[in-house]
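Visitor: Would you mind keeping the following structure in view while I ask a few things?
The values are calculated or read from the model by the stated rules, or taken from the named source; none is laboratory data. Source: prediction; values computed, not measured. Counting neighbours? That spans all protein chains shown, and the Cβs are built from the backbone with ideal geometry, glycine included. Quick note on the areas: whole protein, heavy atoms, side chains included, nothing else; ligands and nucleic acids left out. Shrake-Rupley method; radii C 1.70, N 1.55, O 1.52, S 1.80 Å.
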Amino acid sequence: MADLALAHLVKRFAGGVVGVDDVTLTVGEGAFTALVGPSGCGKTTILRLVAGLEEPTSGTVQIGGRDVTWLPPRERDVAMVFQNYALYPHLTVRENIAFPLAVRRMAGAELSRRVTNAAELLEIGALLDRKPAQLSGGQRQRAALARAIVREPACFLFDEPLSNLDAQVRAQTRAELVALHRRLGATILYVTHDQVEAMTMAQTVAVMARGRLLQEGAPLRLYRDPASLAVARFLGSPSINTVAGRTTGARFEGALACEARVAACADAVLGVRPEHLVLGPAMDAAPAQVTLVEPLGPESLVRLRLRSGEELVARVAGEAACCAGDAVGVRVAAGTGLFFRAADGTRLA
Amino acid sequence: MTRGERRAAALATLLWSVATIGVAWHALHGIDHAARSREALARAHALQGRAPSPAFPMHLDVRELSALQQDERPLIVHDPDGSELVTAPVKDADDWEIIGAVGLYSRWREMAISTALPSFAALLVAIGLMVGVRAVRTVGPRVAAVGAGALFGAAAAATTLQLRDAVVALAPRAAAPPALERLALAPPSLAFTGLLLALLAVSGALAVATIHWHAAQAERPARVRETLGAWSFIAPSLAHLLVFTIAPVGFLLWISVHDWDLLSSDRPFVGLAHFREIAHDPLFWRALRNGLVYALYVPVTMVAALGAALVLDQPLRGIKLLRVVVFLPYVASTVAVALVWQWLLHRDFGLLNAALATLHLPRVDWLGNPATALPALMLVSAWGQLGYMMVVYLAGLQAIPQSLIEAARLDGADAWQRFRLVVWPMLRPVSTYLLLTGIIWSFHGFTLVYVMTEGGPAHATDVLVYRIYQTAWEFRRFDVAAAMSVVLCGLLLVLTALQWRTVKGEAADA
Ligand SMILES: Nc1ncnc2c1ncn2[C@@H]1O[C@H](COP(=O)(O)OP(=O)(O)OP(=O)(O)O)[C@@H](O)[C@H]1O
Ligand SMILES: [Mg+2]
């Protein structure tokens, strides 16, 4: 295993599209980093640059301290699991898994031992003689994974490996991947646009937008302390509530008003997580109407509309005390508001 | 309808078809001229010396009567309506003057019975089938059964009526000698009877099929509707196939087992005599061997085409123009290609020999030398097919998901390994397709041989199709040519079956 370091990586495609814009990112040895961001933000492009399937316009890629920027894929010692798994359809699962070893002229007992080990690790020992077409989505995913781990690469690249699976298999595979990571101690760069995946699996999450790296850090730190509105919006489900307004002195004034420990007077956006909205009568509560209550069991989502027209979502424990059509008061729990500059979305406090 | 009943329906259809074919065969071939001649003569002798009847039953024209007068042998003559009869002259007691004739028609009554019988048998089976259907609640299948029965009956009755009508119309009138009355069974016209028989056959099959359909509809309406829709969609091309492919092939098979030429109307059945003849014909074997050697250009061209496709698959500048250029020969008319190459390969003025001459190498008579003529033809064929194969390979290459190639690159495969382990296996369906269709086409190859070498020199380029052409149109041995075509047809069938099997195998793989 080795660490992976990207420095000032830029990829400009023919035609002027900038896929990756000055990204610097380090994945420590044995670390699991998730790369998240909306569709088209350049996640796949970064993986391809690391794998050597694309050449960067500028910047460097280092694996285990070795500059591999201009090396062909097979000299980089990375394994990639593609979104569509890219299993060779004409080969059996066994031959698929053995492929990386066979092209390196490994044969005989060593090869079959490693294939068997990888297959057993992923519990597909019984499927070895099938063709990929005869496997379910989850089984294909495992076969692709086995093909990736069989040659013990310096680092793994995953490109939305779970997006083709149904919700149940996905949840299960998520846990298995984490366990696998622990067992192998592998360096993993994992691309997804599912923030739940990123938050639950990774030790570090890196959020991207439009080719740029916005922020990286531990999942919960990013959730609680986002550097910008874009990061705040991307993490959390339902998404963070936003209300436009203005900070003056120690207060934020807008459709919702609350305390703000911000010195500057500026046009600002208040961001407040659904779980930080408090329903009920209070002195500084803003009047709102309940438009929909979504009971989820242990908690409920209450959708509200403020007088001024803003839509909000509140998360309340257990069953909600109100129902659609009720008039309620809503306020921000003390000290939980996040404030962003209206002009560029950067964090005020 | 249970499975057993369905089987019965199928069996009935089969029986019906076999019976009708038998009847048709009987109608066309059951005429034993020698026996009929003997019979006619015996009848004539029995009548010898009797007074001639004023209303003689025969509709013979004057010319035929005069022919009768000159010859005592029985004659096969044709009625004005086209049917055939055997006549024998009846003379007076002195054995001197011809006073009439005995005419013997084919035994059409038996035919009528044999036509009607299977018809009713099939009808019975159909009705039995319907009675056996317990689960049918709707009236539909019953109506269908009755309709089918009516159709059957009508067709059978029409045939029988047609036969009986003919007997009445041509039977001797009141004054005819009684002996003649029984003999003169008038035949219907052959063509019309054939038409009726065909109608009967079709209606029989249709009737049983209708019953089958309706019964099945009660079970699975959606599927029947789908089947009906599907059949109506393929009906036009099916009809085309029947008329322009199946029928000619049937005719070919027929010719191949008969003595058949354009001049004689007598075309006796000879069994496998023509096949035996070609089996002992060294030229036929020569042509077959030449064809096999010629077919070798296909794999050779495929290799070249794959190479070209791999090169032209690269995203290079001007590559599209190059693709078009490589493809062009395939679009060009084969005759034009043949003529151009004839010139290129010419012994005295050809470009190829001019090039050899500048290198101080001896000139070669490419098309005139038995050793080089076939390779030269193969070269031209390869040149013409290269573009096509290249385009097919190019399409195959572009159908390979890019991610597979990338996965192979990441897995550590170098360019040759990527080709050998990923690209080539994934192109296998394309390769088998090209190989088999290519070989099939190579066996069809005619134009090049016809224009460039005419099978020569010394039969060095004599391929099967050219042999067939020459046998039929230059030697006028259509029957032998037909037998050769049957052999070629069988050969191609085997190849096609092979292709089908591999295509199916591949589909199961994917
Ligand atoms: N070969 C290419 N040529 C030109 N533009 C490209 C090419 N590949 C990607 N792009 C562009 O680069 C940007 C980033 O693409 P990328 O595939 O990395 O997005 P992504 O983050 O993986 O998106 P998704 O979540 O939808 O997979 C997109 O705007 C895309 O249109
Ligand atoms: Mg992507």
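Visitor: Hey, what angle do you get for helix A:108-121 against the long axis of chain A, alpha-carbon based, 0 to 90 degrees rounded to 10?
Guide: It works out to around 20 degrees.
Visitor: Any idea what the relative contact order of region A:255-349 is, in percent, if you count C-alpha pairs under 8 Å spaced at least 6 apart? Walk me through the numbers before you get to the answer.
Guide: On the way: 206 pairs, mean separation 37.2, N = 95.
Result for region A:255-349 is 39 percent.
Visitor: Can you pull the accessible area of A:Cys323 for me, 1.4 Å probe, Å² to the nearest 10?
Guide: Counting only protein heavy atoms, A:Cys323 exposes about 80 Å² to solvent.
Visitor: Compute the relative contact order of chain A as a whole-number percentage, counting only Cα pairs closer than 8 Å that sit 6 or more residues apart in sequence. List each step's numbers first, then the result.
Guide: Numbers: 777 pairs, mean separation 55.9, N = 349.
Once divided by the residue count of chain A, the mean separation gives 16 percent.
Visitor: List the residues of region B:441-480 whose backbone N lies under 18 Å from a point placed 7 Å from the Cα of B:Ala336 along the Cα-to-Cβ direction.
Guide: From region B:441-480, the list is B:447-448, B:451-452.
Visitor: Per-residue mean of other chain beta-carbon atoms within 10 angstrom of the beta-carbon, peptide A:97-103?
Guide: Other-chain Cβ atoms within 10 Å of each residue's Cβ, averaged: 4.
Visitor: What's log10 of I(q)/I(0) for region A:1-92 at q = 0.11, 0.15, 0.22 Å⁻¹, Debye sum over Cα points only, no solvent?
Guide: -0.33, -0.60, -1.20
Visitor: Can you pull the one-decimal nm distance between simple spin-label points at A:Ser58 and A:Ala167, each 7 Å off the Cα toward Cβ?
Guide: 4.7
Visitor: Once the Cβ-Cβ distance between A:Ala218 and B:Val325 is put in as r, and R0 is 45 Å, what FRET efficiency do you end up with, to the nearest 0.05?
Guide: Values: r = 60 Å, r/R0 = 1.34.
Once the sixth-power term is evaluated, E becomes 0.15.
Visitor: Tell me the accessible surface of B:Trp254 in square angstrom (1.4 angstrom probe, heavy atoms of protein chains only), to the nearest ten.
Guide: Its accessible surface works out to 80 Å², give or take rounding.
Visitor: Let me ask you something else. Applying 1/(1 + (r/R0)^6) with R0 = 60 Å to the Cβ-Cβ distance of A:Val18 and B:Leu283, what FRET efficiency is obtained, to the nearest 0.05?
Guide: Working from the Cβ atoms, E equals 0.25.
Visitor: Please give the residues from region B:392-413 for which the solvent-accessible area of heavy atoms, probe 1.4 Å, is smaller by at least 30 Å² with all protein chains in place than with the chain isolated.
Guide: Residues shielded by partner chains are B:Ser403, B:Leu404, B:Glu406, B:Ala407, B:Arg409, B:Leu410, B:Asp411, B:Gly412.
Visitor: Report the local net charge at A:Ala198: Lys and Arg +1, Asp and Glu -1, summed over other residues whose C-beta lies under 12 Å from its C-beta.
Guide: Here the count lands on -2.
Visitor: Next question, about the same structure. Describe numerically, in nm with one decimal, the distance between label points set 7 Å from Cα along Cα→Cβ at B:Phe475 and at B:Val303.
Guide: 3.7
Visitor: Across 20 Å bins from 0, what is the distribution of all Cα-Cα pair distances for chain A, in whole percents?
Guide: All Cα pairs considered, the percentages come to 27, 47, 23, 3.
Visitor: Same structure again: Report the label-to-label distance for B:His360 and A:Ala109 in nanometres (one decimal), using points 7 Å from each Cα along the Cα→Cβ vector.
Guide: A separation of 6.6 nm, rounded to one decimal place.
Visitor: Let me ask something additional. How high is the FRET efficiency from B:Leu493 to B:Val311, r the C-beta distance, R0 45 Å, rounded to 0.05?
Guide: The computed FRET efficiency comes out at 0.75.
Visitor: With a 1.4 Å probe and all protein chains left in place, how much accessible area per residue does chain A have, in Å²?
Guide: It amounts to 44 Å² per residue over chain A.
Visitor: Can you give the accessible area of B:Thr496, probe radius 1.4 Å, in Å² rounded to 10?
Guide: Counting only protein heavy atoms, the figure is 50 Å².
Visitor: To continue, here is another question. Per residue, how much accessible surface does region B:332-450 expose to a 1.4 Å probe? Answer in Å², no decimals.
Guide: Using a 1.4 Å probe on heavy atoms only, each residue of region B:332-450 averages 47 Å².
Visitor: Can you list the residues of region A:259-279 with backbone N under 15 Å from a point 7 Å past the Cα of A:Ala343, pointing along Cα to Cβ?
Guide: Zone members listed by number: A:264-269.
Visitor: Still on this structure, please answer the following. Indicate the gyration tensor shape class of region A:254-349 (rounded, prolate or oblate), computed on the Cα atoms with a ≥ b ≥ c the square roots of the eigenvalues: a/c under 1.5 is rounded; otherwise a/b larger than b/c is prolate and the rest oblate.
Guide: Verdict is prolate for region A:254-349.
Visitor: For chain A, which whole-number percentage of the solvent-accessible area (1.4 Å probe, protein heavy atoms only) is attributable to carbon and sulfur atoms?
Guide: 51
Visitor: Further question on the same structure: Residues of region A:112-150 losing 10 Å² or more of accessible area relative to the isolated chain, 1.4 Å probe, heavy atoms only?
Guide: A:Lys131, A:Ala133, A:Arg147
Visitor: Another question about this same structure. Between A and B, buried accessible area summed over both sides at probe 1.4 Å, in Å² to the nearest 100? Working shown, then result.
Guide: Numbers: alone 16220 and 29180 Å², together 43500 Å².
Protein heavy atoms only, the A-B interface buries about 1900 Å².
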